[in-house]
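The values are calculated or read from the model by the stated rules, or taken from the named source; none is laboratory data. Keep in mind that this is a model prediction, so the values were computed, not measured. A quick note on method: Cβ atoms are made from the backbone with ideal geometry, for glycine too, and the neighbour counts reach across all protein chains shown. These accessible areas exclude ligands, DNA and RNA; they are computed on the full protein's heavy atoms, side chains included. Shrake-Rupley method; radii C 1.70, N 1.55, O 1.52, S 1.80 Å.
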Amino acid sequence: MAQPRVIVVGAGPAGVRCAQTLVEAGLRPILIEEGRRDGGQIYRRQPEGFKRAYAALYGAEAAKAEDLHRSFEALRPKIDYRPETLAWNVTAGTLHVVHDHTHTETLRYDALVACSGATDRLMPVEGWNLAGCYSLGAAQIALKSQACAIGRRVIFMGTGPLLYLVASQYVKAGAKVLAVLDTSAFSRRLRALPALAARPDVLIKGMVLTAALRQAGVAVHTGVTPLRIKGTPEAGVQGVVVRDGKGRELNFDCDAVSLGYHLRAETQLADLAQCKFRFDAESRQWLPTIDVDGRSSVAGVYLAGDGARILGADGAEAAGRLAALAVLSDLGHPVPQDKMTALRRTLEKMDRFRLGLIQAFPWPHEQAATLPDAAVVCRCETITAGELRRVVTEMGGCELNRTKAFSRVGMGRCQGRYCGHAAAEVVAHAAGVPIEVVGRLRGQAPVKPLLMAALEATTGDA
Amino acid sequence: MNAGRFVRLAETARASVQLQANGRTISALEGDTLMVALLGSLGHLRHSEFGDGVRSGFCLMGACQDCWVWTEDGERLRACTTAVREGLRIVTNPPEVSWPNPA
(Lines give C-alpha, C1' and ligand atoms only; values in the text may rest on other atoms or scores of the structure.)
Protein backbone atom coordinates (compact mmCIF):
# COMPACT_ATOMS: atom_id res chain seq x y z
CA MET A 1 0.00 0.00 0.00
CA ALA A 2 1.24 3.48 -0.81
CA GLN A 3 2.45 5.61 2.09
CA PRO A 4 0.05 8.28 3.25
CA ARG A 5 1.09 11.63 1.88
CA VAL A 6 1.85 14.16 4.59
CA ILE A 7 2.75 17.73 3.68
CA VAL A 8 4.38 20.08 6.18
CA VAL A 9 4.43 23.78 5.30
CA GLY A 10 7.27 25.82 6.79
CA ALA A 11 10.81 24.79 7.75
CA GLY A 12 11.01 26.78 10.98
CA PRO A 13 11.14 25.26 14.47
CA ALA A 14 7.64 23.75 14.25
CA GLY A 15 7.95 22.41 10.70
CA VAL A 16 11.39 20.85 11.16
CA ARG A 17 10.44 19.09 14.41
CA CYS A 18 7.20 17.94 12.81
CA ALA A 19 8.97 16.50 9.75
CA GLN A 20 11.59 14.89 11.98
CA THR A 21 8.91 13.13 14.05
CA LEU A 22 7.20 11.88 10.89
CA VAL A 23 10.51 10.54 9.52
CA GLU A 24 11.22 8.77 12.82
CA ALA A 25 7.92 6.92 12.28
CA GLY A 26 9.01 5.77 8.83
CA LEU A 27 7.22 8.36 6.67
CA ARG A 28 8.74 10.56 3.96
CA PRO A 29 6.87 13.87 4.25
CA ILE A 30 6.99 16.72 1.78
CA LEU A 31 8.37 19.87 3.43
CA ILE A 32 7.47 23.13 1.69
CA GLU A 33 9.55 26.21 2.51
CA GLU A 34 9.06 29.63 0.99
CA GLY A 35 12.58 30.84 1.78
CA ARG A 36 15.91 29.72 0.44
CA ARG A 37 17.04 28.14 3.70
CA ASP A 38 15.58 26.36 6.72
CA GLY A 39 15.36 27.78 10.24
CA GLY A 40 12.28 29.98 9.95
CA GLN A 41 12.50 33.62 10.98
CA ILE A 42 13.74 33.11 14.53
CA TYR A 43 16.55 30.72 13.63
CA ARG A 44 17.02 32.23 10.19
CA ARG A 45 20.33 31.18 8.66
CA GLN A 46 22.78 33.61 7.17
CA PRO A 47 23.64 33.07 3.49
CA GLU A 48 26.34 30.57 2.54
CA GLY A 49 29.76 32.20 2.74
CA PHE A 50 28.95 34.33 5.79
CA LYS A 51 31.25 33.57 8.70
CA ARG A 52 29.71 34.76 11.95
CA ALA A 53 29.56 32.09 14.67
CA TYR A 54 26.34 30.77 16.19
CA ALA A 55 26.98 32.64 19.45
CA ALA A 56 27.25 35.95 17.56
CA LEU A 57 24.08 35.28 15.58
CA TYR A 58 21.73 33.77 18.11
CA GLY A 59 23.18 34.77 21.53
CA ALA A 60 21.65 32.78 24.36
CA GLU A 61 19.65 30.70 21.84
CA ALA A 62 22.74 29.60 19.88
CA ALA A 63 22.64 25.95 21.01
CA LYS A 64 18.93 25.64 20.11
CA ALA A 65 19.46 27.23 16.70
CA GLU A 66 22.40 24.98 15.91
CA ASP A 67 20.52 21.88 17.05
CA LEU A 68 17.56 22.73 14.80
CA HIS A 69 19.83 23.34 11.80
CA ARG A 70 21.75 20.09 12.38
CA SER A 71 18.49 18.17 12.76
CA PHE A 72 17.29 19.59 9.48
CA GLU A 73 20.52 18.66 7.68
CA ALA A 74 20.22 15.06 8.95
CA LEU A 75 16.59 15.06 7.82
CA ARG A 76 17.04 16.51 4.37
CA PRO A 77 17.88 13.26 2.46
CA LYS A 78 14.93 11.53 4.11
CA ILE A 79 12.23 14.00 3.08
CA ASP A 80 10.93 15.57 -0.12
CA TYR A 81 12.23 19.07 0.59
CA ARG A 82 10.98 21.95 -1.57
CA PRO A 83 12.66 25.28 -0.78
CA GLU A 84 11.71 28.54 -2.53
CA THR A 85 8.21 27.18 -2.84
CA LEU A 86 5.14 29.18 -1.86
CA ALA A 87 2.00 27.37 -0.70
CA TRP A 88 -0.53 29.80 -2.13
CA ASN A 89 -3.88 28.04 -1.86
CA VAL A 90 -5.65 25.09 -0.25
CA THR A 91 -8.66 23.37 -1.76
CA ALA A 92 -10.25 20.12 -0.56
CA GLY A 93 -7.34 17.76 0.11
CA THR A 94 -5.03 19.67 -2.21
CA LEU A 95 -2.23 22.15 -1.62
CA HIS A 96 -1.38 24.55 -4.44
CA VAL A 97 2.26 25.54 -4.63
CA VAL A 98 4.46 27.62 -6.89
CA HIS A 99 8.22 27.13 -7.10
CA ASP A 100 10.53 29.98 -8.03
CA HIS A 101 7.49 32.19 -8.88
CA THR A 102 6.77 30.26 -12.10
CA HIS A 103 6.44 26.48 -11.72
CA THR A 104 3.08 25.58 -10.25
CA GLU A 105 1.98 22.24 -8.91
CA THR A 106 -1.01 20.84 -7.08
CA LEU A 107 -0.20 18.37 -4.31
CA ARG A 108 -2.83 16.01 -2.93
CA TYR A 109 -2.49 15.29 0.78
CA ASP A 110 -3.81 12.90 3.39
CA ALA A 111 -2.58 15.20 6.12
CA LEU A 112 -1.46 18.82 5.95
CA VAL A 113 0.47 20.41 8.81
CA ALA A 114 0.65 24.19 8.42
CA CYS A 115 3.58 25.63 10.38
CA SER A 116 3.25 29.03 8.78
CA GLY A 117 4.75 31.14 11.57
CA ALA A 118 4.05 34.76 12.36
CA THR A 119 4.78 38.29 11.25
CA ASP A 120 5.15 41.46 13.28
CA ARG A 121 2.00 42.92 14.77
CA LEU A 122 1.78 46.63 14.04
CA MET A 123 -0.06 49.55 15.54
CA PRO A 124 0.24 52.52 13.17
CA VAL A 125 1.66 55.84 14.26
CA GLU A 126 1.60 58.99 12.18
CA GLY A 127 4.57 58.79 9.78
CA TRP A 128 5.08 55.02 9.86
CA ASN A 129 4.74 55.06 6.06
CA LEU A 130 7.99 57.07 5.75
CA ALA A 131 11.00 55.30 4.26
CA GLY A 132 13.26 54.14 7.07
CA CYS A 133 10.48 52.81 9.30
CA TYR A 134 10.78 49.04 9.45
CA SER A 135 9.10 46.30 11.38
CA LEU A 136 10.95 44.94 14.38
CA GLY A 137 11.41 41.60 12.66
CA ALA A 138 12.89 43.44 9.68
CA ALA A 139 15.52 45.09 11.86
CA GLN A 140 16.50 41.69 13.21
CA ILE A 141 16.61 40.06 9.77
CA ALA A 142 18.83 42.85 8.41
CA LEU A 143 21.31 42.09 11.17
CA LYS A 144 21.05 38.30 11.38
CA SER A 145 20.85 37.52 7.71
CA GLN A 146 22.81 40.39 6.17
CA ALA A 147 25.02 41.84 8.95
CA CYS A 148 23.44 45.28 8.44
CA ALA A 149 21.71 47.86 10.60
CA ILE A 150 18.58 49.52 9.20
CA GLY A 151 20.11 52.97 9.76
CA ARG A 152 22.82 55.04 11.38
CA ARG A 153 20.76 56.14 14.38
CA VAL A 154 18.04 53.67 15.26
CA ILE A 155 15.04 53.94 17.58
CA PHE A 156 13.19 50.82 18.72
CA MET A 157 9.52 51.49 19.46
CA GLY A 158 6.59 49.25 20.36
CA THR A 159 6.38 46.59 23.00
CA GLY A 160 7.21 42.99 23.79
CA PRO A 161 10.30 40.98 24.62
CA LEU A 162 11.54 41.12 21.01
CA LEU A 163 11.91 44.91 21.30
CA TYR A 164 14.59 44.53 23.96
CA LEU A 165 16.18 41.51 22.31
CA VAL A 166 16.68 43.14 18.91
CA ALA A 167 17.83 46.44 20.43
CA SER A 168 20.48 44.62 22.45
CA GLN A 169 21.55 42.59 19.40
CA TYR A 170 22.04 45.88 17.55
CA VAL A 171 24.12 47.32 20.38
CA LYS A 172 26.26 44.19 20.56
CA ALA A 173 26.86 44.26 16.79
CA GLY A 174 28.07 47.85 16.98
CA ALA A 175 25.00 49.72 15.71
CA LYS A 176 23.96 53.05 17.20
CA VAL A 177 20.74 52.59 19.17
CA LEU A 178 19.36 55.84 20.58
CA ALA A 179 16.40 54.60 22.56
CA VAL A 180 13.99 51.81 23.32
CA LEU A 181 10.48 53.27 23.63
CA ASP A 182 8.11 50.74 25.17
CA THR A 183 4.38 51.46 25.25
CA SER A 184 3.86 49.11 28.20
CA ALA A 185 4.25 50.52 31.71
CA PHE A 186 6.85 48.81 33.86
CA SER A 187 4.26 48.15 36.58
CA ARG A 188 2.53 45.71 34.21
CA ARG A 189 5.61 43.53 34.18
CA LEU A 190 5.52 43.24 37.96
CA ARG A 191 1.84 42.29 37.90
CA ALA A 192 2.56 39.64 35.27
CA LEU A 193 5.36 38.03 37.29
CA PRO A 194 3.33 35.08 38.59
CA ALA A 195 2.46 34.00 35.03
CA LEU A 196 5.91 34.81 33.65
CA ALA A 197 7.46 32.62 36.35
CA ALA A 198 6.21 29.64 34.32
CA ARG A 199 9.48 30.04 32.39
CA PRO A 200 11.98 31.56 34.88
CA ASP A 201 14.92 31.18 32.50
CA VAL A 202 13.25 33.34 29.86
CA LEU A 203 12.19 35.87 32.49
CA ILE A 204 15.77 36.23 33.75
CA LYS A 205 17.19 36.55 30.22
CA GLY A 206 14.78 39.46 29.65
CA MET A 207 15.90 41.26 32.80
CA VAL A 208 19.57 40.84 31.86
CA LEU A 209 18.90 42.32 28.40
CA THR A 210 17.26 45.46 29.78
CA ALA A 211 20.10 46.03 32.24
CA ALA A 212 22.68 45.62 29.45
CA LEU A 213 20.87 48.16 27.25
CA ARG A 214 20.88 50.78 30.00
CA GLN A 215 24.54 50.07 30.69
CA ALA A 216 25.32 50.65 27.00
CA GLY A 217 23.83 54.13 27.28
CA VAL A 218 20.56 53.39 25.48
CA ALA A 219 17.64 55.43 26.80
CA VAL A 220 14.90 53.02 27.87
CA HIS A 221 11.44 54.53 28.42
CA THR A 222 8.40 52.50 29.42
CA GLY A 223 4.76 53.52 29.38
CA VAL A 224 5.23 55.84 26.39
CA THR A 225 2.58 56.96 23.90
CA PRO A 226 3.94 57.25 20.35
CA LEU A 227 2.88 60.60 18.84
CA ARG A 228 4.55 60.64 15.44
CA ILE A 229 7.47 59.65 13.30
CA LYS A 230 8.92 62.83 11.81
CA GLY A 231 10.37 63.16 8.33
CA THR A 232 9.65 64.11 4.74
CA PRO A 233 8.18 62.11 1.86
CA GLU A 234 11.49 62.39 -0.04
CA ALA A 235 14.05 61.87 2.74
CA GLY A 236 12.08 59.48 4.93
CA VAL A 237 12.43 59.19 8.71
CA GLN A 238 14.13 62.04 10.59
CA GLY A 239 12.90 61.62 14.14
CA VAL A 240 10.39 60.30 16.67
CA VAL A 241 8.13 62.10 19.13
CA VAL A 242 6.52 60.30 22.07
CA ARG A 243 4.83 61.24 25.32
CA ASP A 244 6.43 59.50 28.30
CA GLY A 245 4.64 58.01 31.29
CA LYS A 246 4.80 61.36 33.13
CA GLY A 247 3.18 63.26 30.27
CA ARG A 248 6.38 64.89 28.97
CA GLU A 249 7.02 65.07 25.25
CA LEU A 250 10.29 63.43 24.21
CA ASN A 251 11.97 64.17 20.87
CA PHE A 252 14.58 62.02 19.18
CA ASP A 253 16.48 62.63 15.94
CA CYS A 254 17.09 59.42 14.04
CA ASP A 255 17.12 58.03 10.50
CA ALA A 256 15.47 54.68 11.23
CA VAL A 257 12.66 53.38 13.39
CA SER A 258 12.03 49.74 14.16
CA LEU A 259 8.39 49.30 15.11
CA GLY A 260 6.68 46.22 16.51
CA TYR A 261 4.07 45.08 19.00
CA HIS A 262 4.83 41.40 19.42
CA LEU A 263 3.52 39.04 16.75
CA ARG A 264 0.46 38.00 14.79
CA ALA A 265 -0.17 34.50 13.48
CA GLU A 266 0.00 33.83 9.72
CA THR A 267 -3.32 32.04 9.36
CA GLN A 268 -4.14 32.30 5.65
CA LEU A 269 -3.65 28.60 4.86
CA ALA A 270 -5.87 27.59 7.77
CA ASP A 271 -8.43 30.08 6.54
CA LEU A 272 -8.32 28.78 2.95
CA ALA A 273 -8.63 25.22 4.27
CA GLN A 274 -11.87 26.47 5.91
CA CYS A 275 -10.72 25.88 9.47
CA LYS A 276 -12.88 27.41 12.20
CA PHE A 277 -11.49 30.47 13.96
CA ARG A 278 -12.09 31.76 17.47
CA PHE A 279 -11.54 35.18 18.96
CA ASP A 280 -8.70 35.04 21.47
CA ALA A 281 -9.78 37.72 23.96
CA GLU A 282 -6.40 37.92 25.69
CA SER A 283 -4.39 38.76 22.58
CA ARG A 284 -7.34 40.41 20.77
CA GLN A 285 -6.70 38.39 17.63
CA TRP A 286 -8.60 35.70 15.73
CA LEU A 287 -6.86 32.35 15.81
CA PRO A 288 -7.71 29.02 14.23
CA THR A 289 -9.37 26.62 16.63
CA ILE A 290 -7.12 23.69 17.50
CA ASP A 291 -7.35 20.83 19.97
CA VAL A 292 -4.52 20.22 22.47
CA ASP A 293 -2.53 18.30 19.85
CA GLY A 294 -2.93 20.75 16.95
CA ARG A 295 -5.90 19.27 15.07
CA SER A 296 -7.92 22.00 13.34
CA SER A 297 -11.69 21.80 12.85
CA VAL A 298 -11.09 20.28 9.40
CA ALA A 299 -10.14 16.59 9.22
CA GLY A 300 -6.63 16.12 7.88
CA VAL A 301 -5.53 19.70 8.57
CA TYR A 302 -3.19 20.32 11.51
CA LEU A 303 -1.66 23.57 12.77
CA ALA A 304 1.50 24.06 14.81
CA GLY A 305 3.81 26.85 15.91
CA ASP A 306 3.24 30.57 15.90
CA GLY A 307 0.81 30.23 12.98
CA ALA A 308 -1.66 28.68 15.43
CA ARG A 309 -0.87 30.74 18.53
CA ILE A 310 2.16 32.74 19.55
CA LEU A 311 4.20 30.57 21.89
CA GLY A 312 7.65 31.35 20.51
CA ALA A 313 10.35 29.03 19.21
CA ASP A 314 10.46 26.55 22.09
CA GLY A 315 6.69 26.21 22.00
CA ALA A 316 6.81 25.81 18.23
CA GLU A 317 9.26 22.90 18.47
CA ALA A 318 7.00 21.14 20.96
CA ALA A 319 3.85 21.89 18.96
CA GLY A 320 5.47 20.62 15.76
CA ARG A 321 6.37 17.32 17.39
CA LEU A 322 2.93 16.97 18.95
CA ALA A 323 1.08 17.73 15.71
CA ALA A 324 3.17 15.06 13.97
CA LEU A 325 2.19 12.53 16.63
CA ALA A 326 -1.45 13.52 16.15
CA VAL A 327 -1.09 12.95 12.39
CA LEU A 328 0.52 9.55 13.00
CA SER A 329 -2.15 8.55 15.50
CA ASP A 330 -4.95 9.57 13.11
CA LEU A 331 -3.28 7.59 10.31
CA GLY A 332 -3.33 4.50 12.51
CA HIS A 333 0.31 4.43 13.57
CA PRO A 334 1.15 3.46 17.16
CA VAL A 335 2.33 6.55 19.05
CA PRO A 336 4.03 6.83 22.44
CA GLN A 337 1.32 8.17 24.77
CA ASP A 338 3.83 9.25 27.43
CA LYS A 339 5.59 11.44 24.88
CA MET A 340 2.30 13.07 23.86
CA THR A 341 1.42 13.72 27.50
CA ALA A 342 4.82 15.32 28.15
CA LEU A 343 4.51 17.56 25.07
CA ARG A 344 1.01 18.65 26.08
CA ARG A 345 2.36 19.59 29.51
CA THR A 346 5.17 21.60 27.92
CA LEU A 347 2.66 23.48 25.80
CA GLU A 348 0.45 24.23 28.82
CA LYS A 349 3.45 25.84 30.51
CA MET A 350 4.25 27.82 27.33
CA ASP A 351 0.65 28.99 27.17
CA ARG A 352 0.75 30.26 30.79
CA PHE A 353 3.85 32.22 29.84
CA ARG A 354 2.13 33.49 26.68
CA LEU A 355 -0.66 34.93 28.84
CA GLY A 356 1.95 36.50 31.14
CA LEU A 357 3.61 38.20 28.17
CA ILE A 358 0.26 39.59 27.04
CA GLN A 359 -0.29 41.01 30.54
CA ALA A 360 3.23 42.47 30.68
CA PHE A 361 3.34 43.81 27.11
CA PRO A 362 -0.26 44.41 26.04
CA TRP A 363 -1.31 45.25 22.47
CA PRO A 364 -2.06 49.00 22.88
CA HIS A 365 -5.44 48.92 21.13
CA GLU A 366 -6.49 52.18 22.78
CA GLN A 367 -4.02 53.99 20.50
CA ALA A 368 -6.36 53.24 17.61
CA ALA A 369 -8.96 55.55 19.19
CA THR A 370 -6.61 58.54 19.33
CA LEU A 371 -4.75 57.94 16.07
CA PRO A 372 -5.00 61.28 14.15
CA ASP A 373 -7.34 61.25 11.14
CA ALA A 374 -4.37 62.01 8.88
CA ALA A 375 -2.35 58.98 10.03
CA VAL A 376 -2.01 56.23 7.46
CA VAL A 377 -3.38 52.89 8.66
CA CYS A 378 -2.93 50.85 5.46
CA ARG A 379 0.57 51.49 4.10
CA CYS A 380 -0.06 49.63 0.84
CA GLU A 381 -3.05 51.66 -0.31
CA THR A 382 -2.35 54.75 1.82
CA ILE A 383 -5.70 54.62 3.62
CA THR A 384 -5.90 56.95 6.63
CA ALA A 385 -7.62 56.55 9.98
CA GLY A 386 -9.95 59.38 8.95
CA GLU A 387 -11.06 57.52 5.82
CA LEU A 388 -11.80 54.41 7.88
CA ARG A 389 -13.83 56.42 10.38
CA ARG A 390 -15.82 57.98 7.55
CA VAL A 391 -16.61 54.52 6.20
CA VAL A 392 -17.97 53.62 9.62
CA THR A 393 -19.99 56.78 10.23
CA GLU A 394 -21.19 57.54 6.70
CA MET A 395 -21.46 54.10 5.10
CA GLY A 396 -22.02 51.82 8.08
CA GLY A 397 -19.00 49.68 7.25
CA CYS A 398 -18.58 48.13 10.69
CA GLU A 399 -17.64 44.62 9.60
CA LEU A 400 -14.03 44.53 8.50
CA ASN A 401 -14.57 42.91 5.08
CA ARG A 402 -17.20 45.54 4.29
CA THR A 403 -14.85 48.26 5.52
CA LYS A 404 -12.29 46.79 3.14
CA ALA A 405 -14.71 46.81 0.21
CA PHE A 406 -15.65 50.44 0.88
CA SER A 407 -12.18 51.82 1.62
CA ARG A 408 -9.62 49.38 0.15
CA VAL A 409 -8.05 48.94 3.59
CA GLY A 410 -6.18 45.64 3.61
CA MET A 411 -6.69 45.20 -0.14
CA GLY A 412 -3.13 46.03 -1.16
CA ARG A 413 0.10 44.17 -1.62
CA CYS A 414 0.45 42.86 1.95
CA GLN A 415 -3.21 41.77 2.00
CA GLY A 416 -3.88 43.19 5.43
CA ARG A 417 -0.99 41.52 7.23
CA TYR A 418 0.28 44.80 8.62
CA CYS A 419 -2.88 46.90 8.92
CA GLY A 420 -5.62 44.31 9.54
CA HIS A 421 -5.49 44.25 13.34
CA ALA A 422 -5.14 48.02 13.70
CA ALA A 423 -7.86 48.71 11.12
CA ALA A 424 -10.23 46.48 13.11
CA GLU A 425 -9.42 48.47 16.26
CA VAL A 426 -9.99 51.82 14.51
CA VAL A 427 -13.36 50.57 13.22
CA ALA A 428 -14.36 49.15 16.62
CA HIS A 429 -13.54 52.40 18.41
CA ALA A 430 -15.30 54.52 15.76
CA ALA A 431 -18.39 52.32 15.79
CA GLY A 432 -18.38 51.87 19.56
CA VAL A 433 -18.62 48.10 19.28
CA PRO A 434 -16.50 45.31 20.80
CA ILE A 435 -13.56 44.32 18.59
CA GLU A 436 -14.81 40.78 18.06
CA VAL A 437 -17.97 42.15 16.38
CA VAL A 438 -15.81 43.81 13.71
CA GLY A 439 -14.49 40.39 12.69
CA ARG A 440 -11.36 39.70 10.71
CA LEU A 441 -10.15 40.04 7.14
CA ARG A 442 -10.90 36.82 5.25
CA GLY A 443 -7.84 35.08 3.83
CA GLN A 444 -7.81 35.09 0.05
CA ALA A 445 -5.86 33.07 -2.48
CA PRO A 446 -3.22 33.65 -3.62
CA VAL A 447 -1.81 34.33 -0.15
CA LYS A 448 0.91 36.42 -1.80
CA PRO A 449 1.01 38.09 -5.23
CA LEU A 450 1.65 35.63 -8.07
CA LEU A 451 2.52 36.09 -11.72
CA MET A 452 -0.54 35.75 -13.94
CA ALA A 453 1.44 33.27 -16.05
CA ALA A 454 1.79 30.99 -13.02
CA LEU A 455 -1.95 31.15 -12.30
CA GLU A 456 -2.84 30.33 -15.90
CA ALA A 457 -0.56 27.31 -15.78
CA THR A 458 -2.37 26.11 -12.64
CA THR A 459 -5.77 26.40 -14.27
CA GLY A 460 -4.41 24.12 -16.96
CA ASP A 461 -3.43 21.47 -14.40
CA ALA A 462 -6.70 21.34 -12.53
CA MET B 1 23.20 61.71 -1.69
CA ASN B 2 25.77 58.94 -1.91
CA ALA B 3 25.16 57.59 1.59
CA GLY B 4 22.74 54.70 1.64
CA ARG B 5 20.19 53.82 4.25
CA PHE B 6 21.63 50.55 5.57
CA VAL B 7 24.90 50.30 7.48
CA ARG B 8 27.17 47.25 7.22
CA LEU B 9 28.36 46.01 10.62
CA ALA B 10 30.27 42.83 9.71
CA GLU B 11 30.89 40.26 6.94
CA THR B 12 32.52 42.87 4.70
CA ALA B 13 35.30 40.59 3.39
CA ARG B 14 33.06 39.13 0.67
CA ALA B 15 33.74 39.53 -3.05
CA SER B 16 32.25 42.65 -4.58
CA VAL B 17 29.46 42.65 -7.15
CA GLN B 18 28.67 45.51 -9.54
CA LEU B 19 25.15 46.38 -10.55
CA GLN B 20 23.32 49.38 -11.91
CA ALA B 21 20.67 51.38 -10.12
CA ASN B 22 18.83 53.96 -12.22
CA GLY B 23 21.71 53.92 -14.70
CA ARG B 24 24.42 54.48 -12.09
CA THR B 25 26.94 51.75 -11.22
CA ILE B 26 26.89 50.74 -7.57
CA SER B 27 28.96 48.23 -5.69
CA ALA B 28 27.57 45.49 -3.43
CA LEU B 29 28.81 42.25 -1.93
CA GLU B 30 28.24 38.65 -2.94
CA GLY B 31 25.54 37.19 -0.69
CA ASP B 32 23.68 40.49 -0.37
CA THR B 33 19.98 40.55 -0.95
CA LEU B 34 19.06 42.97 -3.71
CA MET B 35 17.55 45.18 -1.00
CA VAL B 36 20.81 45.42 0.95
CA ALA B 37 22.75 45.90 -2.28
CA LEU B 38 20.54 48.87 -3.24
CA LEU B 39 20.06 50.43 0.20
CA GLY B 40 23.81 50.35 0.76
CA SER B 41 23.92 53.19 -1.76
CA LEU B 42 20.36 54.54 -2.07
CA GLY B 43 17.83 55.99 0.33
CA HIS B 44 14.80 54.29 -1.17
CA LEU B 45 13.59 51.47 -3.44
CA ARG B 46 10.43 52.82 -5.04
CA HIS B 47 7.72 55.49 -4.85
CA SER B 48 4.35 54.87 -3.25
CA GLU B 49 1.66 54.70 -5.95
CA PHE B 50 -0.49 56.97 -3.81
CA GLY B 51 1.82 59.96 -3.59
CA ASP B 52 2.92 59.75 0.03
CA GLY B 53 6.60 59.54 -0.82
CA VAL B 54 9.44 57.11 -1.25
CA ARG B 55 9.46 53.61 0.21
CA SER B 56 12.36 51.45 1.30
CA GLY B 57 10.68 48.16 2.26
CA PHE B 58 9.20 47.26 5.60
CA CYS B 59 9.24 43.59 6.70
CA LEU B 60 12.33 42.07 5.01
CA MET B 61 10.66 38.65 5.10
CA GLY B 62 8.70 38.63 1.87
CA ALA B 63 5.37 39.40 3.53
CA CYS B 64 4.69 43.10 2.89
CA GLN B 65 5.73 43.46 -0.79
CA ASP B 66 6.86 47.04 -0.12
CA CYS B 67 10.30 46.49 -1.68
CA TRP B 68 9.39 45.77 -5.29
CA VAL B 69 11.88 47.09 -7.83
CA TRP B 70 12.16 46.46 -11.55
CA THR B 71 14.82 45.43 -14.01
CA GLU B 72 15.22 47.69 -17.02
CA ASP B 73 13.48 44.91 -18.99
CA GLY B 74 10.40 45.29 -16.82
CA GLU B 75 10.74 42.21 -14.64
CA ARG B 76 9.44 42.85 -11.12
CA LEU B 77 11.69 41.71 -8.28
CA ARG B 78 10.99 41.53 -4.55
CA ALA B 79 14.25 43.05 -3.34
CA CYS B 80 14.30 41.48 0.14
CA THR B 81 14.13 37.89 -1.11
CA THR B 82 16.16 38.21 -4.31
CA ALA B 83 19.91 37.60 -4.23
CA VAL B 84 22.01 40.26 -5.91
CA ARG B 85 23.66 39.26 -9.21
CA GLU B 86 26.53 40.81 -11.10
CA GLY B 87 25.31 43.11 -13.87
CA LEU B 88 21.69 43.51 -12.74
CA ARG B 89 20.19 46.71 -14.12
CA ILE B 90 17.60 47.96 -11.63
CA VAL B 91 15.20 50.87 -11.78
CA THR B 92 13.24 52.26 -8.84
CA ASN B 93 10.34 53.46 -10.99
CA PRO B 94 8.23 50.90 -12.86
CA PRO B 95 9.16 50.90 -16.54
CA GLU B 96 6.53 52.20 -18.96
CA VAL B 97 4.18 49.44 -19.99
CA SER B 98 2.68 49.48 -23.46
CA TRP B 99 -0.65 47.69 -23.36
CA PRO B 100 -1.57 45.68 -26.43
CA ASN B 101 -4.49 47.21 -28.31
CA PRO B 102 -6.64 44.38 -29.66
CA ALA B 103 -9.03 46.73 -31.49
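Conditions tested, residue by residue: (1) surrounded by fewer than 24 Cβ atoms within 10 Å (Cβ to Cβ); (2) in contact with a strand residue (DSSP E or B) (Cβ under 8 Å, 6 or more places away or on another chain); (3) at pLDDT below 95; (4) of a type in the set (Val, Ile, Thr).
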site	(1), (2), (3), (4)
A:Thr102	yes, no, yes, yes
A:Val113	no, yes, no, yes
A:Ser116	no, yes, no, no
A:Cys133	no, yes, no, no
Some residue of the range A:102-122 being among the charged types (D, E, K, R), touching a Ser or Thr at 6+ places or on another chain (Cβ under 6 Å), in contact (Cβ under 8 Å) with a residue 12 or more places away in the chain and on the phi < 0 side of the Ramachandran plot: yes
All positions within the range A:407-423 that are within 17 Å of B:Cys59 (Cα to Cα) and of a type in the set (A, V, I, L, M): A:Ala422
Residue under evaluation A:Leu57, criteria (1) free of Cβ contacts under 8 Å to residues at least 60 places away in the same chain; (2) more than 24 Å from A:Val97 (Cα to Cα), criterion not met: (1)
Qualifying residue in the range A:60-67 (condition: in contact with a Leu (Cβ under 7 Å, 6 or more places away or on another chain) and touching a residue at least 40 places away in the same chain (Cβ under 8 Å)): no
One residue from A:Arg121, A:Arg153 being surrounded by fewer than 24 Cβ atoms within 10 Å (Cβ to Cβ) and within 21 Å of A:Thr225 (Cα to Cα): A:Arg153
Positions within the range A:358-386 being open to solvent by less than 30 Å² (accessible area, probe 1.4 Å) and either of a type in the set (Gly, Ala, Ser) or part of a helix (DSSP H, G or I) (or both), in sequence order: A:Ala360, A:Gln367, A:Ala368, A:Ala375, A:Ala385, A:Gly386
Flag if B:Phe6 is under 13 Å from the mean Cα position of the chain (by Cα), within 10 Å of chain A (Cβ to nearest Cβ), at negative phi and of a type in the set (Phe, Trp, Tyr): yes
Of all residues in the range B:24-59 being closer than 17 Å to B:Pro95 by Cβ and either in a helix (DSSP H, G or I) or without any contact (Cβ under 8 Å) to a residue 40 or more places away in the chain (or both), the one that is nearest to the other protein chains (Cβ to nearest Cβ): B:Glu49
Given (1) of a type in the set (Phe, Trp, Tyr); (2) farther than 17 Å from A:Trp363 by Cβ; (3) within 14 Å of chain B (Cβ to nearest Cβ), number of the condition A:Trp128 does not satisfy: (2)
Residue in the range A:70-85 that is part of a strand (DSSP E or B) and under 22 Å from A:Ile310 (Cα atoms) present: no
Considering residues of the range A:42-69 that are under 23 Å from the mean Cα position of the chain (by Cα) and part of a loop (DSSP other than H, G, I, E, B) only, the residue nearest to the other protein chains (Cβ to nearest Cβ): A:Pro47
